[in-house]
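To keep things clear, I will list the structure first and then write my remarks on it.
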Amino acid sequence: MFSLYHDRPFNVRYALHQHSGRYTPELLRTHRTARASWLYIHRQHGSDLVGPTPDWSIRDDLVASGRCAPARANHPSLDGLGLWDQADTHAAQIRPDEPVCAHAVGSLPIGAGITGWRSLIEGFSEDYLTSQGMTVDWAIHQRAADGDRPEILPHCHLLITMRAFDASRPDLGRVRQNWLRTDKARKALAEKWWAYSGITPRIYAIAA
């Protein structure tokens, strides 16, 4: 089964305050801060440390959103954008050239519906992300074709913290330097998503 990203049904990039030349114009808007990524996936308009963001509220493909997090992250100061604003503030002051958060995009099974998609996302997050002490904000985008507007096949965005929020972990509150920072780590997480979603890259499907 294929969905939006036929060749790469799970992809991880980063929100970075200091970008390299590898970032496209679109990524320079959506991944310039954690706040910008959050506003983008939630289809909201606002501003970040750089200035006003594009008006993503005009898009009508947001169908669901939520958060998976260890108990320590369930604090009023971290609700919604609070978490990501704190991450941006820390990065701007101390580590502008280090990832503020990981921004993953995953294809979702066509026809599973919001309930099925939510169950898949939350199960995956709990098994592989919050179990590592991380907090995840997620959003699902999907839209049926309507007149001249093309169909947007179902996919999800996952904003993943780079520091642990689980009080039982010895690195609580610290940036985990080896977290999703290598090609091997990103591929391992992608393979877990393929198994969870049942969607594999086209090249793997053809080879099979």
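The values are calculated or read from the model by the stated rules, or taken from the named source; none is laboratory data. For clarity, every value in this text was computed on a predicted model and none was experimentally measured. Because the Cβ atoms are built from the backbone with ideal geometry, glycine has one as well, and the counts that use them run over all protein chains shown.
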State all residues of the range 73-102 that are part of a helix (DSSP H, G or I) and out of contact with any helix residue (DSSP H, G or I) (no Cβ under 9 Å at 6 or more places or on another chain); if no residue qualifies, say none.
89, 90, 92, 93
Checking the structure you have, find out if any residue of the range 58-69 is of a type in the set (Ser, Thr, Tyr), outside any loop (DSSP other than H, G, I, E, B) and over 19 Å from residue 156 (Cβ atoms).
no
If the Cβ limit is 8 Å and pairs must be 6+ apart or interchain, which residue in the range 139-151 that is closer than 21 Å to residue 119 by Cβ and modelled with pLDDT of 85 or more pairs with which residue that is of a type in the set (Ser, Thr, Tyr) and not in a loop (DSSP other than H, G, I, E, B)?
139/65; 140/65
May I ask you to list the residues in the range 86-102 that are among the aliphatic types (A, V, I, L, M) and at pLDDT below 85?
94
Out of (1) farther than 30 Å from residue 199 by Cα; (2) among the β-branched types (Val, Ile, Thr); (3) out of contact with any strand residue (DSSP E or B) (no Cβ under 9 Å at 6 or more places or on another chain), the one residue 58 does not meet is (1)
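Let's see how each residue does on (1) loosely packed, with under 12 Cβ neighbours inside 10 Å; (2) part of a loop (DSSP other than H, G, I, E, B); (3) at pLDDT 85 or above:
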residue: 126; (1), (2), (3): no, no, yes
residue: 170; (1), (2), (3): yes, yes, no
residue: 179; (1), (2), (3): no, yes, no
residue: 200; (1), (2), (3): no, yes, yes
residue: 204; (1), (2), (3): no, no, no
